[in-house]
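Read the structure below first, then the notes.
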Amino acid sequence: RTDFALKEIMSSGGAEDDIPQAERKTVTDFCYLLDKSKQLFNGLRDLPQYGQKQWQSYFGRTFDVYTKLWKFQQQHRQVLDNRYGLKRWQIGEIASKIGQLYYHYYLRTSETSYLNEAFSFYSAIRQRSYYSQVNKEDRPELVVKKLRYYARFIVVCLLLNKMDVVKDLVKELSDEIEDYTHRFNTEDQVEWNLVLQEVAAFIEADPVMVLNDDNTIVITSNRLSETGAPLLEQGMIVGQLALADALIIGNCNNQVKFSELTIDMFRMLQALEREPMNLASQMNKPGMQESTEKPARRENPHKYLLYKPTFSQLYTFLAASFKELPANSVLLIYLSATGVFPSGRSDSEGPYDFGGVLTNSNRDVINGDAIHKRNQSYKEMHCLHPGDLYPFTRKPLFIIVDSSNSVAYKNFTNLFGQPLVCLLSPTAYPKALQDQSQRGSLFTLFLNNPLMAFLFVSGLSSMRRGLWDKCQDYLRKINRDIAQLLTHSRSIDQSFLQFFGDEFLRLLLTRFIFCSATMRMHKIFRETRNYPESYPQLPRDETVENPHLQKHILELASILDVRNVFLENTIDDY
């Protein structure tokens, strides 16, 4: 909340009779716009977080008022300086609010172009040093505004993969926190230091560094580019379904996170977005976009990001997505969560007998927990069971489960005959790889950045850019071949093909098969639980154990000089 003390300024301004009427009106108009903008901004948190229609008109009004306010303070800066005592941090506060608006608009629409606009405003604050005078005022709450601005700017830069900017911001934030805690002796020092630790861990989560010739790190983007998904060949018979909505759920204990994004959520959300538009032209262009000039609509699937949701929160968002799903569209559910295993023995094998994945427990159900402990025949309450998803299989559903109990979802039943696919992670990794789980799941890394995951399981931790680019080209060829294997298969379940017309789902399916084939050929992945699975099952000989695909994987390993990590005669080993 901006802290402007309007009435005092107006009354002190009004005391002087020689203030021209026009200037007085300027100050009054500014105060009105400022007040209105604050009211609207504060009202944003009362809007429902789910449902795609209710919030749009309110956001539009808020944007309009902030557009007017921003232009007004630019046009009347001199008068506002003299008569209102407008300070630079107050301008920074308006710019920061506009940055937040664009960021929240991105969260609501999944349109990456709005991230660029948020970046523009946050950058302008830094370039023009709007907050530089805050440290001279003896008001800790102003410094906290500045620290929060840094944290928000870092989130936007992370989402835009601007890691060089992130590193600069972290250093500046670290200095600011040190100065703040030294001057004010506050109690929130531990919290701010935790913010620094979280972002540092987040930056270092990637297990492989790609290096330029001068040893600077190459920033790789994993959003869908024009050449990203393998193209459909003439004559490929696939469904016309489009991915319209996605729930990305993160509830892993001890996984690297920043803000309310775990590293798995962060990776998956980028796998469901296209590259932002006109990145280059918008990069350093501070200034407000006219609301009529919003970027042209691009079909990123809409998504909800749910960090550690309770069962009721998860179900509410799921129901809202289901209700608003357009015709011929797909709902994707991504679950990255700790496994919950059945506590007692069950004689039946129904959709509630295999456990599932963890949902967050609220304190108000402690009684339920107590009863639960006493009676082993009850099912786990804070758990999303496969059966909980059955009602939503009335529409096309694409499920990805990354969990130590992902196999619970293998026992699915397609009750309504709609397209339904579950991609399931390994439930355990070989001991040599286990200590990496804090930095994100290997399975999700394969779905987000398959080459990095391949390098990691091959024991490589850095690579020159030239070789990286060569391998990426080869991986694109592998993806094209996997697409052909799938569409030419005689025994594959039709659900896979019905989803294959959508670019995002096509890429996820080809990466899943690449991941599964790689793990099956790897010398240290020897147990069944080390391999991904799917519902319905894929025909192995035509996909994940296809000799043609295995040959490609060995070829990729040869380019990287890591062929010794993989089994040569895989066919004979089965």
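The values are calculated or read from the model by the stated rules, or taken from the named source; none is laboratory data. Remember, predicted model here, so these are calculated numbers, not experimental data. FYI the Cβ positions are ideal-geometry reconstructions off the backbone, even for glycines, and counts take in every protein chain you see. Heads up: the accessible areas ignore ligands, DNA and RNA and are worked out on the full protein's heavy atoms, side chains in. Shrake-Rupley method; radii C 1.70, N 1.55, O 1.52, S 1.80 Å.
Of these, Leu247, Leu194, Leu272, which one is under 30 Å from Cys383 (Cβ atoms) and open to solvent by 30 Å² or more (accessible area, probe 1.4 Å)?
Going through Leu247, Leu194, Leu272 in turn, the sole match is Leu194.
Inspect all residues belonging to segment 530-551 and state whether any of them is assigned to a helix (DSSP H, G or I), among the hydrophobic types (A, V, I, L, M, F, W, C) and over 21 Å from Asn405 (Cα atoms).
yes
Just checking, how many residues over segment 93-108 are surrounded by fewer than 21 Cβ atoms within 10 Å (Cβ to Cβ), within 16 Å of Leu305 (Cα to Cα) and not aliphatic (A, V, I, L, M)?
Looking only at that region, the number is 2.
Give the residue, chosen from Leu107, Leu86, that is touching a strand residue (DSSP E or B) at 6+ places or on another chain (Cβ under 9 Å) and hydrophobic (A, V, I, L, M, F, W, C).
Result of the check over Leu107, Leu86: Leu107.
Quick check on segment 111-137: of everything there that is outside any helix (DSSP H, G or I) and among the polar types (S, T, N, Q), which residue is least open to solvent (accessible area, probe 1.4 Å)?
Going through the qualifying residues, I end up with Thr112.
Listed residues Pro48, Pro140; which is more than 30 Å from Glu176 (Cβ to Cβ) and either surrounded by fewer than 18 Cβ atoms within 10 Å (Cβ to Cβ) or at pLDDT below 90 (or both)?
Among Pro48, Pro140, only Pro48 is more than 30 Å from Glu176 (Cβ to Cβ) and either surrounded by fewer than 18 Cβ atoms within 10 Å (Cβ to Cβ) or at pLDDT below 90 (or both).
Filter segment 470-526 down to the residues that are assigned to a loop (DSSP other than H, G, I, E, B) and among the hydrophobic types (A, V, I, L, M, F, W, C), then identify the one that is surrounded by the fewest Cβ atoms within 10 Å (Cβ to Cβ).
The residue in question is Ile524.
Condition check: open to solvent by 20 Å² or more (accessible area, probe 1.4 Å) and modelled with pLDDT of 90 or more. Does Thr28 satisfy that?
Yes.
Report yes if some residue within segment 435-455 is hydrophobic (A, V, I, L, M, F, W, C) and surrounded by fewer than 16 Cβ atoms within 10 Å (Cβ to Cβ); otherwise report no.
There is no residue in segment 435-455 that is hydrophobic (A, V, I, L, M, F, W, C) and surrounded by fewer than 16 Cβ atoms within 10 Å (Cβ to Cβ).
For segment 323-353, how many residues are surrounded by fewer than 16 Cβ atoms within 10 Å (Cβ to Cβ) and part of a helix (DSSP H, G or I)?
1
Lys162 - would you say it is of a type in the set (Lys, Arg) and in contact with a helix residue (DSSP H, G or I) (Cβ under 6 Å, 6 or more places away or on another chain)?
Spelling it out, it is not the case that Lys162 is of a type in the set (Lys, Arg) and in contact with a helix residue (DSSP H, G or I) (Cβ under 6 Å, 6 or more places away or on another chain).
Filter segment 61-113 down to the residues that are of a type in the set (D, E, K, R) and more than 24 Å from the chain's Cα centre (by Cα) and list them by number.
Residues satisfying the conditions are Arg61, Asp64, Lys68, Lys71, Arg77, Asp81, Arg83, Lys87, Arg88, Glu93.
How many of the residues making up segment 535-545 are within 23 Å of Asn414 (Cβ to Cβ) and surrounded by fewer than 21 Cβ atoms within 10 Å (Cβ to Cβ)?
Count: 5.
Which residues, taken from segment 60-87, are in a helix (DSSP H, G or I) and farther than 16 Å from Leu33 by Cα?
Gln78, Asp81, Asn82, Arg83
Out of Tyr149, Tyr105, report the one residue that is outside any loop (DSSP other than H, G, I, E, B) and modelled with pLDDT under 95.
Going through Tyr149, Tyr105 in turn, just one is outside any loop (DSSP other than H, G, I, E, B) and modelled with pLDDT under 95: Tyr105.
So which pairs qualify, if the first residue must be in segment 191-215 and part of a strand (DSSP E or B), the second must be open to solvent by less than 70 Å² (accessible area, probe 1.4 Å) and of a type in the set (Phe, Trp, Tyr), the Cβ gap must be under 8 Å, and the two must be at least 6 apart or on different chains?
Val210/Trp468
Just one of (1) touching a Gly at 6+ places or on another chain (Cβ under 6 Å); (2) of a type outside the set (A, V, I, L, M, F, W, C); (3) within 28 Å of Gly228 (Cα to Cα) trips up Ser458, so point out which.
If we test Ser458 against (1) touching a Gly at 6+ places or on another chain (Cβ under 6 Å); (2) of a type outside the set (A, V, I, L, M, F, W, C); (3) within 28 Å of Gly228 (Cα to Cα), just (1) comes out false.
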